Amino acid sequence: MRKTLYLKFLLAYLIFGFFGFTIVATFGSSMVLEHLKREKAETLYKEATLIANTYASDLYNNEISLDSVKPQMDSLSVYLDSVIWIINPSGRMILDTNTPVDLEHPRIVEDFNAAQPAGSYYTTGTFYDSFQEEMLSVFAPITSDFKVRGYVVIHTSLAALHSSGENILRISYIILVILFLLSLIILIFFTEMVYLPLRKITEATEQYAAGNLHYEFQVDSEDEIGYLAASLSYMASAIARSEDNQKKFIANVSHDFRSPLTSIRGYLEAMLDGTIPPELYEKYLKIVLNETERLTKLTNSLLTLNNLNTKGMVLEKMDFDINTVIRETAASLEGTCQQKHIAIELVLTGSRLYVRADMGKIQQVLYNLLDNAIKFSHNDSVIKIETTEKRSKVFISVKDSGIGIPKDSLKLIWDRFYKTDLSRGKDKKGTGLGLSITKEIIQAHNENINVISTEGVGSEFIFSLPLVDEDED
Ligand code: ADP
């Protein structure tokens, strides 16, 4: 199957060669022969006319004798490698360079008809059966006093023309063979530039299809085939990367599920076998409950993340007042804040600030950011939420003065399951999924979210939303 392209090209090459030879052999030989005949006839015709106008007409006018013309004609016929005749319109031979002059018994060419080869000054054939072999016969009329007195006919053997035609044809064949061999270069080019790279690409696709996504191959050309190979290899590496991410994701999920389950199981077993006395049950059951809460949170986050990914995030956009949503989110977390004596300061622009977005999802973003801010803030501190209006956008900032994020971790906090080392002690329930969900939601709105943070000083998360132009009256 894979060799078909090469075979097709080879077949086309052979067909090209075969037709080349056939055309030269059939049309070529007849064209060459025809050309040679015409050329020879032209030369002989010139000679014949010359003889007709000089010696022959002199002969007819009795200005010179036949005996004196004959030797000259003979030598001319040797020179021209042909037979020269002077013949009467009736067919009576006056002079023939092949035979001596015999006035007593003149030779008659039966049925001689000079008008027969009409429109042409030469004929081919045995010339009224006068010759054994095929001849090219050219004739020119001898005229005097506006009357045709006779003809000068020059015959030459066609065999000689045939053999020189064959010689020319032989040269054509040699040139054709050279051309055919030279056109092998095209075949070599095709093999090097198209066939071999294509085979490499096909082999690579087979490897990729078989699951070997790390298969490497090299096509060193900068044309379309090189581009195709590069795209293919890029595609494979992208798939491999996403497969690796998937594996990492599953490993993380499994790990995050396993640790709470292990602790739940440990405590329950300890209760059952009496290691934990009944009077301490309440304390440990609370821990177990906490762990199940963590599992619930993890499951919910995973489901949210999965929905965001699979649906390509369908947003239910509407116009709503972001200030109200901020106030409500802050209120819902008031209980947690009170435990840590944390105050939330709201610096909101205007009484109402309308934005166009998916309200449910933005509520989730605010909740995630505020939840983090509270988790990573020290007791007795202040969290500031601020809205600013700038060039048809609203910027929402959530700022805390908590533990901050180390510089190296700033880029990583958006990754799934990422938690900074600092935060692990402070937040045992964290899943590391909150910020990746937050970022996906904001990006789905074609907006941005950024973080400014200094380790030990605090963090500020700022995101933008599109402002709705509305008259506030
Ligand atoms: P988690 O559920 O663990 O909070 P997130 O994705 O929301 O997961 O956050 C990822 C990590 O980023 C956190 O574990 C924490 O290390 C860091 N982080 C997020 N917000 C803050 C903040 N306000 N202050 C300090 N660190 C933060």
*What are the GluC sites (Glu not before Pro) within the stretch 1-66 that DSSP puts in a loop, where the Cβ has at most 12 other Cβ atoms within 10 Å?*
E63
*Enter the Cα centre distance for the pair the stretch 63-113 and the stretch 5-39, rounded to the nearest angstrom.*
45
_Unit Cα scatterers, Debye sum, the stretch 231-287: log10 I(q)/I(0) for q = 0.19, 0.27, 0.28 Å⁻¹_ = -0.73, -0.97, -1.01
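May I ask for the equivalent-ellipsoid semi-axes of the stretch 4-180, computed as the square root of five times each C-alpha gyration tensor eigenvalue and listed largest first in whole Å?
Equivalent ellipsoid semi-axes, largest first: 46, 15, 13 Å.
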*asked:* Using the Cα centre of the chain as origin and beta-carbon charges of +1 (Lys, Arg) and -1 (Asp, Glu), tell me which of I452, V138, F257 is placed farthest towards the positive end of the dipole.
replied: F257
_I need the per residue convex hull volume for the stretch 314-473, using only the alpha carbons, in cubic angstrom as a whole number._
110
*For the stretch 127-273, just run the numbers: alpha carbon Rg, then divide by 2.2 N^0.38 Å, N being how many residues it has.*
2.96
*asked:* With N set to the number of residues, divide the alpha-carbon radius of gyration of the stretch 433-473 by 2.2 N^0.38 Å and report two decimals.
replied: 1.55
*asked:* Quick check on the stretch 213-313: what are the equivalent-ellipsoid semi-axes from the Cα gyration tensor, as sqrt(5λ), descending, whole Å?
replied: 51, 16, 6
*Using a probe of 1.4 angstrom, how much of the accessible area of the chain is carbon and sulfur, in percent?*
57
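With +1 on each Lys and Arg Cβ and -1 on each Asp and Glu Cβ, and nothing else charged, work out how big the dipole of the chain is about its Cα centre, in Debye to the nearest 20.
Details: 46 positive and 61 negative charges, 450 e Å.
For the chain, the charge dipole is close to 2160 debye.
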_Could you tell me the center-to-center distance, by alpha carbons, between the stretch 189-218 and the stretch 236-305 in angstrom?_
45
*Step through the residues of the stretch 165-174 one at a time and calculate ³J(HN,Hα) from phi using the Karplus curve (6.51 cos²θ - 1.76 cosθ + 1.60, θ = phi - 60°), rounding each to whole Hz and writing x for Gly and Pro.*
x, 5, 4, 4, 4, 4, 4, 4, 4, 4
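Counting every Cα pair in the chain, what percent are over 38 Å apart?
Taking all Cα-Cα pairs of the chain, the fraction more than 38 Å apart is 63 percent.
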_When each of K375/K419; K248/K419; K390/K411 is checked by Cα-Cα distance, pairs over 18 Å_ = K390/K411
*Could you give the angle, 0 to 90 degrees to the nearest 10, between helix 4-23's Cα long axis and the longest principal axis of the Cα atoms of the chain?*
10
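Just to confirm, what accessible area per residue do you get for the chain at 1.4 Å probe, in whole Å²? Display every interim value, and only then the final one.
Values: 28400 Å² over 473 residues.
I get 60 Å² per residue for this part.
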*Quickly rank 357-364, 13-20 as a protection proxy: mean count of other C-beta atoms within 10 Å, highest first.*
357-364, 13-20
_Are there any GluC sites (Glu not before Pro) in the stretch 207-281 that are in a DSSP loop and have at most 11 other Cβ atoms within 10 Å? List them by number._
E216, E222
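The values are calculated or read from the model by the stated rules, or taken from the named source; none is laboratory data. Here the structure is a predicted model, which means the values were calculated and not measured. Note that we place each Cβ from the backbone using ideal geometry, even for glycine, and neighbour counts take in every protein chain shown. When the accessible area is computed, the model is the full protein with side chains, heavy atoms only, and any ligands, DNA or RNA have been set aside. Shrake-Rupley method; radii C 1.70, N 1.55, O 1.52, S 1.80 Å.
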